Structures are given as C-alpha cells and as structure tokens.
Amino acid sequence: MTVYAGQGDARRSLALLWGAAPPATPRTGPRPALSVDAIVSAAIEVADAKGMAALSMRAVGERLGRTAMALYTYVPGKDELLDLMHDRALAELPTREGESDDWCQAVTTWAEDLHDCYLRHPWMLQVSQARPVLGPAELAAMETLLRALAPAALPPTRLRGAVAALWQFVRGLAAVTADARGAAEATGISDEAWWTTRSTGLADLAPDLPRRYPLFTAMQSAPTPPRPLQEGLAVLLDGIAASAAST
C-alpha cells in the first residue's frame, strides 16, 4: 500500500505544518476542546498500532472519544492529517548542531536515528517520497544530513547523489526489517521455518546450485553481518570519501 503526501489543500496543509494556521474555534460543549496536536498524536497512535490501512478520520475520532466531524474544525481532512503525521514523526529525530570532525560517524549517527524512527513508525515507509511533505521536521532532517556531509566538500551534483543514496538505503533497509517483523504474524510461518523449508527444497531440486551460481553461494555462505545498517553504510561512505578525494 502506497500513499501520497501533499494531496490536500496546499495552503492549508503548509499553514498547519508551519504553525501559520489560525487557531480553530472549538464548538461549545461540556467536553474539553480538541487541538491539532492531540489529533495528530492520536492519528499516529492509530497508524502505529494498526497500520496505514486502519487510518481514517473516524478511527482517530474514536480514539479521542469524539466523532469524525468534530475533527474537521481543526484538520481539513485525512490528506492534510497525513502530512502532519509524517512531519511529526520526523520531528523525533535529533537536530544536531555544528559540523563534526568525523563526518562519517556523523552520517552514521543520522542514519541510525532515521532507521530507528522508521521502525517505530513503519507506516511512514508507505508514504511515497515522490512528493515530499515540505514540513519543518522533514527539512530539518535533510539539513542535519547535509551538515554532517559538509566536511566532505562534495560538489553539488555529487552531494545530491550521496544524499539520495544514503536516504534511500536507510529507508529500504528499514522497509525490509519492518516487513520481516510482520511476515510471521501475517503468514503464520516463522522466518526460520520459511527458510528451512525452502533451503531444503532448493537443495533437492537444484543440487548443482553451488556450481551454477558460485558467487552467490560464496556470498550466502559468509556470516550474516550483525549490523547490516552499519555494514552497508560503510560501503556507501567509502564511496563518498573516494568521490570527495577525486574532486
């Protein structure tokens, strides 16, 4: 399931993201007034607990003990709410000030923070990056990465390539990890059982597999890296360092 950010009213979405929207006028009644912050928090709780497919204005209203209609005073609709949710989740990332002498470690720290954020909120991985939210937290996350990379002194074109490679690597690995966590629950089969069954079947059906695919066999025979994020980053960072040295 892929959803696209930025589908709501552009001015209203951006105003809510950047705190420029006029305060809502709550309807009078015995219950406490709602707020945009409370609605966004409840929406994230719904998505964290039940996934993106379960997210609706009605579900958020029920979590707050209100009707869906009560939410529209504060948030125009689900499209605008999604933008707010995505940016709120990214606001959990530390915004580290100043350049680090060790830019590789600074980038690794940024990547670990982003990876952990995606795994806390796996529904974020279903929000397409084709059209960014353009909220303050999203731009702050980008600024933190650019600040970390600044000492490498990459030219603009290569800097864009490095940023895209790093962000998509972290996002892709987080997506695989999130899928692996959900696979057993969704299928009723553990990862261990799945791999055992298929490995045995493949060995029976293709006993010459090591001869036919020697490089693949050699790679698969090596121990699984205990820290796949850091191992993959090391390869990317070596490439970025080499690119920086060649300019």
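Things to note:
- Each of THR200, PRO226, LEU139 was placed along the dipole of the chain (beta-carbon charges, centred on the mean Cα), and the one lying farthest toward the positive end is LEU139.
- Positive contributions from Lys and Arg (+1) and negative ones from Asp and Glu (-1), summed over other residues with Cβ under 10 Å from the Cβ of PRO151, come out at -2.
- Here the alpha carbons of the range 150-233 define both size measures, Rg and Dmax, at 18.3, 53 Å.
- The range 90-228 - percent of accessible surface contributed by carbon and sulfur, probe 1.4 Å: 59
- Cα-derived Rg to Rh of the range 101-142, Kirkwood definition: 1.03
- Gain in span if fully extended, GLU112 to THR200, counting 0.36 nm per residue against the direct Cα distance: 28.2 nm
- Theoretical gain in end-to-end length, LEU215 to ASP101 [0.36 nm per residue, Cα-Cα removed]: 37.2 nm
- Charge sum, other residues only, whose C-beta stays under 10 Å from ILE39's C-beta, Lys/Arg counted +1 and Asp/Glu -1: +1
- Sorting 153-166, 40-53, 81-94 by average packing, meaning the other beta carbons within 10 Å per residue, from highest down gives 81-94, 40-53, 153-166.
- Computed from label points 7 Å out along Cα-Cβ, the spacing between ALA222 and GLU185 is 3.3 nm.
- Under the Debye formula (equal points on every Cα, no solvent term), log10 I(q)/I(0) of the chain at q = 0.13, 0.17 Å⁻¹: -0.94, -1.25
- One decimal place: the segment GLN230-ARG66 gains 54.6 nm when fully extended, by the rule 0.36 nm per residue minus the C-alpha distance.
- The Stokes-Einstein estimate for the range 1-123, based on a Kirkwood radius over Cα pairs and taken at 37 °C with 0.692 mPa s viscosity, is a diffusion coefficient of 205 µm²/s.
- Nonlocal amide H pairs with VAL127, under 5 Å, H built at 1.01 Å: VAL3
The values are calculated or read from the model by the stated rules, or taken from the named source; none is laboratory data. Bear in mind the structure is a predicted one, so any value in this text is a computation, not a measurement. FYI the Cβ positions are ideal-geometry reconstructions off the backbone, even for glycines, and counts take in every protein chain you see. Calculation scope for accessible area: heavy atoms of the full protein, side chains included, ligands and nucleic acids excluded. Shrake-Rupley method; radii C 1.70, N 1.55, O 1.52, S 1.80 Å.
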